[in-house]
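Written below as structure tokens is the structure these notes are about.
The values are calculated or read from the model by the stated rules, or taken from the named source; none is laboratory data. Just so it is clear, the model here is predicted, and its values are computed rather than measured. Here the Cβ positions follow ideal geometry from the backbone for every residue, glycine too, while neighbour counts run over all protein chains shown. With ligands, DNA and RNA removed, areas are computed over all heavy atoms of the protein, side chains included. Shrake-Rupley method; radii C 1.70, N 1.55, O 1.52, S 1.80 Å.
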Amino acid sequence: MKSKTKRTIGILTGGGDCPGLNAVIRAVVRRAEMLGYAVVGIKHGWLGLVQYSVEPLTLMSVSGILPRGGTILGTSRTNPLKTPADKKKLLANLKKLKLHGLIAVGGEDTLGVARQLAEEGVRVVGVPKTIDNDIEGTDQTFGFDTAVSIVTEAIDRLHTTAESHQRVMVVEVMGRHTGWIATVGGLAGGADCILIPEHPMSIEKICEILEKRHARGRLFSIVVVAEGFQLDGATQVTRDQKLDQFGHVHLGGVGEVIAQEIEKRTGFETRVTVLGHVQRGGTPTAFDRVLSTRYGVKAVDLIHEGRFGTMVCLKGNEISYVPLSTIMGKLKRVSPELISTAEIFYG
Ligand code: F6P
């Protein structure tokens with residue numbers, strides 16, 4: 001008699017890493033085991049499917065990973081649809097793996113690939129990940145809460161030294177297309193001015209805000225700037241012109257540009273702190289651990305129910321799902337309400 005082999009679910013983590021990826025992987029393995037599936041981990045995002053780099057994931061291999069930052073599967077910014085040769089390899093390897101369903105954990109790029117594959121019949125479910133929190137269709141991505149708590153702590157620390165030295169502190173945070181981290185981290189840290197891609201501002205206006213604050217006797221200030229912010233009429237500040245496989249440039253440096261202008265125009269001594277990848281590292285907050293866990297469980301349930309071509313999401317306090325096709329090509333921008341709330345505290 002033929003022995004019955006378990007159906008297998010594959011999981012990969014793609015794009016920039018963030019805290020909570022391991023919590024998703026753990027939840028997927030635990031829920032899959034409960035429903036009678038085996039799980040295979042695909043290494044380094046889509047690259048693992050192009051190169052057939054896979055490993056079985058068991059209850060043992062995911063034990064203890066809930067609080068760990070990064071991803072035990074590794075990640076990459078590989079676009080497997082960039083060349084027909086890579087796409088051919090990916091499809092052949094998917095066939096070889098005989099997956100019942102694939103879980104793609106990632107941001108706009110990873111989920112964009114998932115959507116295209118879903119249109120071609122691949123049985124895939126997405127999980128929205130990014131510290132930038134800019135994925136349409138969900139109220140929150142996992143990783144964002146942790147990044148905000150890191151930024152808030154950094155601003156608190158910068159406040160004390162800013163006050164001692166009567167300086168302006170410019171804090172550059174991540175946020176390629178949207179200013180979620182800058183706005184929410186800045187609000188939580190009591191920033192005096194927040195600069196985000198959704199809301200260009202002139203250098204004159206920024207200096208006016210700081211001078212107004214100075215005039216009322218507050219001789220130090222905190223300015224939070226998202227890396228994707230552009231001064232009115234200026235071009236985007238980039239580190240170099242190199243593009244990744246999804247066509248993104250390396251951002252970074254806008255904080256320095258703004259700091260120099262502030263010092264030149266106001267005479268206030270100004271320093272810059274670039275938080276960079278510190279925002280993506282380390283252990284997830286309790287909120288992100290729970291959100292990641294709920295997302296992982298729901299992703300397996302969607303596969304079990306045959307709801308492919310979807311993405312798990314948070315709607316209010318409920319975990320739900322949306323079709324991948326309805327969310328792609330859109331960005332979730334910071335709401336006008338949050339922006340105007342932040343503005344009340346400027347100057
Ligand atoms: O996509 C998230 C993000 O944090 C962006 O805000 C940032 O521009 C990018 O990752 C930087 O990623 P890396 O340096 O790892 O390529």
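For residue 310, the amide hydrogen comes within under 5 Å of the amide hydrogens of 126, 324, counting only partners 5 or more places away or on other chains and with H modelled in the peptide plane.
Ligands, DNA and RNA excluded, the heavy atoms of residue 344 present near 130 Å² of accessible surface to a 1.4 Å solvent probe.
The shape of region 80-167 can be summarised by an equivalent ellipsoid whose semi-axes, obtained from the alpha carbon gyration tensor, come to 41, 13, 10 Å from longest to shortest.
Alpha-carbon geometry of region 206-287: the Rg and the Dmax are 16.0, 50 Å, given in that order. A simple count of charges around residue 74, restricted to other residues whose Cβ falls under 15 Å of its Cβ and scoring Lys, Arg +1 and Asp, Glu -1, yields +3. For residue 298, a cut-off of 19 angstrom between C-alpha atoms picks up these aspartates and glutamates, skipping any fewer than 8 places away in its own chain: 33, 136, 139, 288, 318. Under a 5 Å amide H cut-off, with hydrogens placed 1.01 Å from N, residue 78 pairs with 15, 46, 47 among residues at least 5 apart or on other chains.
Full extension of the chain between residue 156 and residue 119 gives 8.6 nm of extra length, using 0.36 nm per residue less the Cα-Cα distance. The ellipsoid that matches the Cα gyration tensor of region 216-347 has semi-axes, each √(5λ) in whole angstrom, of 38, 20, 16, with the longest given first. Of the residues 179, 328, 113, the one whose Cα sits farthest towards the positive end of the charge dipole of the chain is 113 (charges of +1 on Lys and Arg Cβ, -1 on Asp and Glu Cβ, taken about the Cα centre).
Computed on the Cα atoms alone, the convex hull of region 1-71 gives a volume of 88 cubic angstrom per residue.
Using a simple spin-label model with pseudo-atoms 7 Å out from Cα toward Cβ, residue 248 and residue 218 lie 3.3 nm apart. Taking a quarter of the surface of the Cα convex hull of the chain, what do you get in nm²? With every direction weighted equally, the projected area is 18.5 nm². The HN-Hα couplings worked out from phi for region 174-187 by the Karplus form 6.51 cos²θ - 1.76 cosθ + 1.60 (θ = phi - 60°) are 6, x, 5, 9, 9, x, 4, 5, 4, 5, 6, x, x, 4 Hz, whole numbers, x standing for Gly and Pro.
Per-residue extension of 0.36 nm, minus the Cα-Cα distance of residue 7 and residue 278, leaves a gain of 93.7 nm for this segment.
At the residue level, residue 120 shows approximately 100 square angstrom of accessible surface with a 1.4 angstrom probe and all protein chains present. Overall, the anisotropy analysis places region 259-311 in the prolate class: the square-rooted eigenvalues a ≥ b ≥ c of its C-alpha gyration tensor yield a/c not less than 1.5, with a/b exceeding b/c. In order along region 290-298, the phi-based Karplus estimate (6.51 cos²θ - 1.76 cosθ + 1.60, θ = phi - 60°) of 3J(HN,Hα) comes to 6, 4, 4, 5, 5, 4, x, 5, 5 Hz; Gly and Pro are listed as x. Nearest 5 percent is fine: what portion of the DSSP beta bridges confined to the chain is antiparallel? Of the beta bridges lying entirely in the chain, close to 30 percent run antiparallel. When the surface is traced with a 1.4 Å probe over the full set of protein chains, residue 30 keeps roughly 130 Å² accessible.
Computed over protein heavy atoms with a 1.4 Å probe, the accessible surface of the chain works out to 44 Å² per residue. Beyond 24 Å in Cα-Cα separation lie the following of the pairs 43/330; 129/315; 82/315; 96/129; 98/330: 43/330; 82/315; 96/129; 98/330. Taking amide H as placed 1.01 Å from N in the peptide plane, the amide H of residue 136 sits under 5 Å from that of 332, each at least 5 places away or on another chain. Spherically averaged projected area of the convex hull of Cα atoms, region 19-129: 6.5 nm². When the alpha-carbon atoms of region 146-280 are used, the pair Rg, Dmax equals 14.2, 50 angstrom. Looking only at region 266-287, which residues have a backbone nitrogen under 20 Å from a spot 7 Å from the Cα of residue 165 in the C-beta direction? 266-276, by backbone N distance to the label point. Net charge of the neighbourhood of residue 274, taken over other residues with C-beta under 15 Å away and scored Lys/Arg +1, Asp/Glu -1, is +2. A simple rule links phi to the HN-Hα coupling: the Karplus curve 6.51 cos²θ - 1.76 cosθ + 1.60 with θ = phi - 60°, which for region 39-45 gives 10, 10, x, 9, 7, 6, x Hz, with x for Gly and Pro.
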